[in-house]
Amino acid sequence: MDSMASTPDHKVKQVAIVVNRKEVLLPAKEATGAEIKQAAIAQGDTTVRPDSRLFRREGDSWDFVPDNETIKVHDGERFRAQGKQEDS
């Protein structure tokens, strides 16, 4: 009767990442840049916008993550979303 609770943890597991210094839970270990931003916005992060540029912390640098690129994410991974610079 409780067989669902005792199944191995190879199904969907939430991944806790950090976007703009706030924890964001993702429903899977893979996500696109757009999905990461959408999750942050849905979880109340007001510093992220759909048109923000997303970067992932890689060592001492920040690598751009395109909206349509699917990446593997890991617990504790750090991201930064920042608005596009407008020159007018």
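The values are calculated or read from the model by the stated rules, or taken from the named source; none is laboratory data. Predicted model only: the values in this text are computed from it and were never measured. Ideal geometry is used to build each Cβ from the backbone, glycine not excepted, and the neighbour counts take in all protein chains shown. For accessibility, only protein heavy atoms count, side chains too; no ligands or nucleic acids. Shrake-Rupley method; radii C 1.70, N 1.55, O 1.52, S 1.80 Å.
Under 5 Å from the amide H of Val15 lie the amide H atoms of Leu26, Ala28, each residue being 5 or more positions distant or on a separate chain, with H modelled from the backbone and absent for Pro and chain starts. Spin-label model, Lys72 to Arg21: label points 7 Å out along the Cα-to-beta-carbon direction sit 3.1 nm apart. Starting from the Cα-Cα distance between Asp51 and Lys84, subtract it from 0.36 nm times their residue separation and give me the gain in nm to one decimal. Taking 0.36 nm per residue and subtracting the Cα distance, the gain is 11.1 nm. Hey, what's the per residue convex hull volume over the C-alpha atoms of region 44-88, in cubic angstrom? Per residue, the Cα convex hull of region 44-88 comes to 111 Å³. Could you work out what % of the accessible surface of region 21-88 is carbon and sulfur, using a 1.4 angstrom probe and leaving DNA, RNA and ligands out of the count? Within region 21-88, the accessible surface is 44 percent carbon and sulfur.
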